[in-house]
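Notes for the one structure printed next.
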Amino acid sequence: MKIKPNLSLSEDGRILFSTRILRLFAYGFLSVILALYLSQLGLSEVNIGLLISLTLLGDTAVSLWITTNADRIGRQRMLIAGAALMILASVIFAGTSDFYLLLVAATIGVISPSGNEVGQFLSIEQASLTQLVTTRRRTNIFAWYNLVGSFATALGALAGGGLSQLLQRLGYAPLLSYRVVVLGYGVIGLLMIGLFARLSPAIEVTTHTISAAPAGDPAPRRFLGLYRSQKVIIRLAALFSLDAFAGGFVIQSLIVLWFNQKFGVAPAALGAIFFAANVLAGISALSAAWVAGKIGLINTMVFTHLPSNILLILVPFMPSLGLAVALLLMRFSISQMDVPTRQSYTMAVVDPEERSAASGVTGVARTIGASLSPVFTGVFLSNPTLLGLPFVISGGLKIVYDLAVYSNFRKVKPPEEQVVTIRKRE
């Protein structure tokens, strides 16, 4: 498998990259102040962690239904619906301090506490992009797709932290400065609706026929939009859920709160830290395509992820802000190399008419996993003696995930790697 820097895209591809940039900017913009905003509203650390957990968990039912039906109802319609849900969440979050109303808005709407993808967007866009490019370009396109997303998240974090601190210096109360950012999140959702409306029918599935089963095999029954790929996707989903559960202990909003509590870091400085972190993450995602071309998708997923998890475990043991930030940035410089390879691998091992469903099922599994752990982090952050525990738990569980992926899937090759293997044998 040879990766070439061929980034020529159709109009639909350029739109999907543009919406990715806008959306990840919005996620970074909001995530860097979200926990601080909720704290200003009067929520305790425990309630903040609980709200974030329930936010992610509540998103799963909506996302699962949308992604497993997107190929049937229409990918464009579902993308527009998701952007509308971003606007809904923004308006309600800006307009109330009631915990239960915030919970309802976060459950029905689309809110990203981590700065990473939530909702149905990623699954549908991945399926659409896979349809628009050739097999050999898939990993490379996904690498750039993740690069622009990471850069957008970085700029969003910088902008969110900088804007809120600027407003505070101009005399605005912290609560009001954060509320401006929350409303800005909704404005970006409106811009996304305009872009999604310009997508063409080329992103839609042209056939809903099931790939032919081998002679004598019974026709597979549909489950969550999956046919022949049910077993492999369920196994992947279980492992991805473990990885996300581990990552949920250290999502961006909660790391922000950790830095604020442990070192007293101001919003603008926090924005700068996560700007750098996300830029490094984007660069690492881009390099993943080249590495995967040399050692394969599964090997890239595992052997670049292991050292990043060791660095994550060491962060809370650093005695100064500078050292803690340095280790965090080192971790981000290699931590995202598994993302485009994981996405590309998932799209490669399923049939074309299962791609939205496969991405949706694995994405929802990740969301469920990530939704369960922030509530524990909230408890840990409320106890000064347990502040560093989320990093240790997260890194340890992620190492278990890496070893499990390698054990289960090292022999399950995507089509492009099977071709390479056959040619070498010949």
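The values are calculated or read from the model by the stated rules, or taken from the named source; none is laboratory data. From a predicted model like this one, the values you see are computed outputs, not experimental measurements. Backbone-built Cβ (ideal geometry, glycine too); neighbour counts: all protein chains shown. In case anyone asks, the SASA skips ligands and DNA or RNA and just uses the protein heavy atoms, side chains included. Shrake-Rupley method; radii C 1.70, N 1.55, O 1.52, S 1.80 Å.
A few comments on the model shown:
- Any hit, the stretch 109-119, residues being at pLDDT 85 or above, closer than 22 Å to residue 248 by Cα and either out of contact with any strand residue (DSSP E or B) (no Cβ under 6 Å at 6 or more places or on another chain) or assigned to a loop (DSSP other than H, G, I, E, B) (or both): no
- Candidate set from the stretch 99-110 (those that are touching a helix residue (DSSP H, G or I) at 6+ places or on another chain (Cβ under 9 Å), open to solvent by 50 Å² or more (accessible area, probe 1.4 Å) and free of Cβ contacts under 8 Å to residues at least 40 places away in the same chain); member that is farthest from residue 369 (Cα to Cα): 101
- Qualifying residue in the stretch 42-64 (condition: open to solvent by 10 Å² or more (accessible area, probe 1.4 Å), over 25 Å from residue 258 (Cα atoms) and among the β-branched types (Val, Ile, Thr)): yes
- Unmet criterion (only one of (1) surrounded by 24 or more Cβ atoms within 10 Å (Cβ to Cβ); (2) aliphatic (A, V, I, L, M); (3) free of Cβ contacts under 8 Å to residues at least 40 places away in the same chain) for residue 81: (1)
- In the stretch 132-156, the residue that is modelled with the lowest pLDDT out of those that are of a type in the set (Gly, Ala, Ser) and under 11 Å from residue 281 (Cβ atoms) is 150.
- Test result for residue 412, part of a loop (DSSP other than H, G, I, E, B) and either open to solvent by 10 Å² or more (accessible area, probe 1.4 Å) or under 14 Å from residue 248 (Cβ atoms) (or both): yes
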